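J.: Take this structure, written in structure tokens, and hold onto it; I'll ask about it next.
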Amino acid sequence: MKILKFGGTSVGSPQRMKDVCQLITDGNRKIVVLSAMSGTTNSLVEIADYIKKRNLEAAGNVINKLRTLYKQHVEELYSKEENKEKTNALLLDIFMHLHNLTTQEYSDKLEKEILAQGELMSTNMVTNYLKEQGVKVMLIPALDFMRTDSNGEPDMPYIKEHITDILKKNDGYELYITQGFICRNINGDVDNLQRGGSDYTACLVGAVLRAEEIQIWTDIDGMHNNDPRYVPNTTPVRQLNFEEAAELAYFGAKILHPTCIQPAHYAGVPVRLLNTMDPSAPGTIINDQMQKGTIKAVAAKDNITAIKIVSSRMLLATGFLHKLFETFEVNHTPVDMVTTSEVGVTLTIDNNAHLANIVEELKKYGTISIDENMCIICVVGDLRWGNVGFETLVTEALAQIPVRMIAYGGSNHNISFLVRESDKKAALCALSEKLFNNQQKAE
């Protein structure tokens with residue numbers, strides 16, 4: 001069995017819903033994970049924000065506007081009046097539920113309840129359309145099997161037990177449709193998976209079922225070898241190792257969230273990135289294979305701050321580094337890069353929410369200097385020690401770019417450079433020219 005996930009743009013209009021339904025009805029049994037229609041979640045966030053501000057009239061106006069839009073979608077999606085009436089009645093229940101929620105006091109719990117309605121609407125609409133087309137399909141609510149534990153992490157044993165039980169009791173269907181993103185928490189309240197959203201749902205389901213393959217369908221032809229927003233003539237990377245994909249996702253490749261493929265990695269289930277707008281394109285396959293001696297791609301992560309601590313008095317003292325990292329831990333701020341010298345340590349962070357507190361605490365241990373508006377450039381591939389010349393090739397590409405930090409050796413798949421955000425485009429283009437374009441010319 002394969003697990004297919006379609007994002008908001010892939011189901012962003014009645015025609016795109018029809019296109020998706022044509023893609024998934026090939027006669028093979030599969031589970032299809034759907035996001036909310038594009039734009040819907042933004043409207044639901046707006047509704048929650050108005051409730052928080054106690055502007056109930058504005059919240060009601062957004063709900064009514066969304067209701068009108070969905071009524072038009074129903075007219076375009078179905079050909080039979082009975083299916084239009086059935087779907088409109090279901091959507092009406094959801095919109096009346098939203099109106100009822102506006103009378104309640106705002107809370108995080110209330111907002112998550114509101115946000116869940118987008119996926120509930122899209123999955124019901126697609127399921128009803130498939131039934132109209134004569135497809136043997138079943139909607140399996142994610143709230144019946146997707147749950148997080150007391151730490152807010154996916155409860156894998158629970159997920160496996162409940163989805164397996166649902167499938168056993170409802171055998172014989174060609175398609176199973178379910179919602180991405182939404183779940184219940186340990187208390188049974190409606191919640192969401194946050195990181196990776198619907199991609200995370202698909203990978204969790206694929207992992208617990210040991211699926212043949214997990215397919216993530218978006219509007220991009222796989223993961224590219226550089227950022228096409230800044231670099232011309234980028235090309236899709238046809239194969240990535242799980243570790244390479246995680247590095248690229250963490251350091252800026254927007255097509256995947258860095259944590260969402262972890263369940264698939266642990267279960268050994270390949271993940272394929274495909275393009276709904278061009279279904280025949282091969283996309284990118286992510287698996288356990290490693291192409292030796294190959295640099296795959298470049299990514300960039302913005303909004304980085306570098307913090308330098310200089311202290312000839314304390315650097316070699318036992319526990320010094322522990323005290324530094326503890327400061328970031330207490331302030332709930334992850335560290336991206338680290339470099340050290342005899343008298344100093346430089347670290348980078350991508351969240352400045354607690355920067356003032358961090359700096360005040362670090363002043364106990366040395367002299368502090370800050371560089372803001374920085375960018376991490378990440379080069380990913382088979383960069384294991386012994387692949388002679390790769391680090392030289394990469395550094396040569398950045399010969400004209402001022403580099404603040406270099407991190408190499410912490411991973412077998414990544415060399416990272418810290419540069420100014422203003423030098424980002426030049427750095428990305430220089431790396432593409434050196435690593436990919438020159439290679440293509442040579443071939």
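J.: What is the percent carbon and sulfur in the accessible area of the chain, measuring with a 1.4 Å probe over the protein chains and ignoring ligands? Mind dumping the intermediate values first?
T.: Values: 9620 of 20400 Å².
Accessible surface attributable to carbon and sulfur in the chain totals 47 percent.
J.: In addition: Taking θ = phi - 60°, what integer Hz values does the Karplus form 6.51 cos²θ - 1.76 cosθ + 1.60 yield along the stretch 230-243, in sequence order, with x for Gly and Pro?
T.: Listing the rounded values in order: 10, 10, x, 6, 6, 10, x, 8, 7, 9, 9, 6, 3, 5 Hz.
J.: Which far-off residues, 5 or more places away or on another chain, put their amide H under 5 Å from the one on Arg147, with H placed in the peptide plane?
T.: For Arg147, the qualifying residues are Asp155, Ile159, Arg184.
J.: So, in Å, what gap is there between the alpha-carbon centers of the stretch 62-80 and the stretch 177-250?
T.: Between the Cα centre of the stretch 62-80 and that of the stretch 177-250, the gap is 29 Å.
J.: What number in nm² do you get for the stretch 252-291 if you take the convex hull of its Cα atoms and divide its surface by four? Display every interim value, and only then the final one.
T.: Working: hull surface 14.6 nm².
That works out to 3.7 nm², a quarter of the Cα hull's surface.
J.: For Thr294, what accessible area in Å² do you get when you roll a 1.4 Å probe over the heavy atoms of the protein chains, rounding to the nearest 10?
T.: Number for this one is 40 Å².
J.: Could you report the chain's accessible area per residue, 1.4 Å probe, as an integer in Å²?
T.: Numbers: 20400 Å² over 443 residues.
Spelled out: the 1.4 Å probe surface of the chain, per residue, equals 46 Å².
J.: Quick check: pseudo-label points 7 Å beyond the Cα along Cα→Cβ at Met96 and Glu57, how many nm apart are they?
T.: 2.6
J.: Moving to a separate point now. Express in nm, to one decimal, how much length is gained between Asn64 and Ser369 on full extension, taking 0.36 nm for each residue of separation and deducting their alpha carbon distance.
T.: Gain in length upon complete extension: 104.6 nm.
J.: Considering only DSSP beta bridges whose two residues both sit in the chain, what percent are antiparallel, to the nearest 5? Intermediate results must be reported in sequence, preceding the final value.
T.: Values: 40 of 67 bridges.
So the antiparallel bridges amount to about 60 percent of the total.
J.: Now for a different question. In the calculated pair distance distribution of the chain, what percentage of Cα-Cα distances lie above 35 Å? The partial results should precede the final answer.
T.: On the way: 39164 of 97903 pairs.
Across the chain, Cα pairs with separations above 35 Å total 40 percent.
J.: What's the extension gain from Met1 to Asp278 if we count 0.36 nm per residue and subtract their Cα-Cα distance? Intermediate results must be reported in sequence, preceding the final value.
T.: Working: separation 277, 0.36 × 277 = 99.72 nm, distance 2.28 nm.
Gain in length upon complete extension: 97.4 nm.
J.: Build a GNM of the chain with springs between Cα atoms under 10 Å: which of Arg238, Arg420, Arg229 gets the top mean-square fluctuation?
T.: Arg229
J.: Roughly speaking, what is the stretch gain from Ser79 to Gln15, that is 0.36 nm per residue apart minus the C-alpha to C-alpha distance, in nm to one decimal? Display every interim value, and only then the final one.
T.: Working: separation 64, 0.36 × 64 = 23.04 nm, distance 1.28 nm.
So the chain would gain 21.8 nm between Ser79 and Gln15.
The values are calculated or read from the model by the stated rules, or taken from the named source; none is laboratory data. Computed from a prediction, not measured in an experiment: that's the story for all the values here. Virtual Cβ from ideal backbone geometry, glycine too; neighbours counted across all protein chains shown. These area figures cover heavy atoms from the full protein model, side chains too; ligands, DNA and RNA do not enter into them. Shrake-Rupley method; radii C 1.70, N 1.55, O 1.52, S 1.80 Å.
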